[in-house]
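The values are calculated or read from the model by the stated rules, or taken from the named source; none is laboratory data. What you see is a predicted model, and the numbers here were worked out from it, not measured in a lab. In this analysis, Cβ positions are derived from the backbone assuming ideal geometry, glycine residues included, and neighbour counts consider all displayed protein chains. For accessibility, only protein heavy atoms count, side chains too; no ligands or nucleic acids. Shrake-Rupley method; radii C 1.70, N 1.55, O 1.52, S 1.80 Å.
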Amino acid sequence: MKVLALLCVTFCALAASRLSYDGLVVHEWGTFTSVAAADGTPANWDTLGCESELPGFVNDHGFRGLKARLSGTVRMETPVIYFYSPRDVEASVKVSFPNGLITEWYPKADYHVLAQNREIPANLNGFRPDLKGQTGVIEWKAVKVEPGGAPAFPVEATPSRYYAARATDAAALEAGDQHEKFLFYRGVARIPVLLSARVAEDGRVMVTNSGAAAVSDVILFENRGGAVGYKSVGSPETNVTIDRPSLDGSSSQLKTELQAALIAQGLYPKEAAAMIDTWRDSWFEEGSRLIYILPESAVNAMLPLEINPVPAHIARVFVGRVELITPETKRIVRAAMAKRDAHTLGLYQRFLEPIGASVGQAVNFSCTER
């Protein structure tokens, strides 16, 4: 009898750890931003530079306004996790970021950092600056999903792109004494990206897919003084060369195409619209970049997600953004440096360090508020 009781306890514990709820649907979107070095691989850059637009209520662990440089290859920007359920349910959520750190989040969560399977101090003095070999972990251990709830969400007077993500039909969430329409987090890492991009002297971009799966909807976008253009090349399996686009296009047309692509990958229309609205001033800002959609298998490998009870369906749609240092960008930045043109340099803000390195000049530029 004791053996049977022990087996029952063991089985029940395992069952409890793998609960599922077939009415729960979870959707997530986010962006991985990197800068392509001359050889196409992701360059090191100050991943936190000029990031000051989040509301003050967002937890930042001291990273916001950090004076010390935090170098990495990828800035994981604004993943948000939405929950849909026909009834109230409580869930636990855990996100891991191998070779990275979680730098901001909301609502309240438990955050720690693992290195060699041991926890290291979750404060600025405890982090190794190279990021390698450590894993940032964030956990919301008791998230109440309240589809009928209508709590007051926090708002500040200063505008922020943060609020656009609320424009969906997702359920209200409660964690501790804080309420939100989603779980929000950000991070930085020293990891490779799926697409490498080398820029030729004539402006052509040689793109190589280093991943095991094809990426979707690869787009080369350029904005020069408000004149924009883009070229879409679909889903290249290995290598493709993209000519520089003519600057006679429309960013509104591209937004429409991107929104359709995000929906095709599994987002609801309002979620896709919220993502576009959140990032429209960044994805389509001055400069040249690749924009593409990662395969969900790559997202799961780069950013493991655990939810209990296990949802009936999960969709994770992440956009890759690779900033390109083109001959035109170099020319513009060189001229701005010579003239001490702060306005033009400000258009490139957080990417100025790798751009300056590409032209052999150090850039000393104070970030301005977005």
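At a glance:
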item: Yes/no for TYR268 being open to solvent by less than 10 Å² (accessible area, probe 1.4 Å) and more than 19 Å from GLY40 (Cα to Cα); result: no
item: Test for VAL143: is it out of contact with any helix residue (DSSP H, G or I) (no Cβ under 8 Å at 6 or more places or on another chain), open to solvent by less than 40 Å² (accessible area, probe 1.4 Å), closer than 23 Å to SER282 by Cβ and part of a strand (DSSP E or B); result: no
item: Residue in the stretch 119-126 that is at pLDDT 95 or above and among the polar types (S, T, N, Q) present; result: no
item: Only listed residue being in a loop (DSSP other than H, G, I, E, B) and either over 20 Å from TRP283 (Cα atoms) or among the aliphatic types (A, V, I, L, M) (or both), chosen from VAL207, VAL218, VAL193, VAL188; result: VAL193
item: Subset tally (residues that are in a loop (DSSP other than H, G, I, E, B), of a type in the set (S, T, N, Q) and at pLDDT 95 or above) for the stretch 159-185; result: 1
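Conditions tested, residue by residue: (1) over 18 Å from GLU77 (Cβ atoms); (2) touching a strand residue (DSSP E or B) at 6+ places or on another chain (Cβ under 6 Å); (3) of a type outside the set (Gly, Ala, Ser); (4) open to solvent by 50 Å² or more (accessible area, probe 1.4 Å).
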{"site": "GLY148", "(1), (2), (3), (4)": "yes, no, no, yes"}
{"site": "ALA170", "(1), (2), (3), (4)": "yes, yes, no, no"}
{"site": "GLU174", "(1), (2), (3), (4)": "yes, yes, yes, no"}
{"site": "VAL188", "(1), (2), (3), (4)": "no, yes, yes, no"}
{"site": "ASP202", "(1), (2), (3), (4)": "yes, no, yes, yes"}
{"site": "VAL205", "(1), (2), (3), (4)": "yes, yes, yes, no"}
{"site": "SER232", "(1), (2), (3), (4)": "yes, yes, no, yes"}
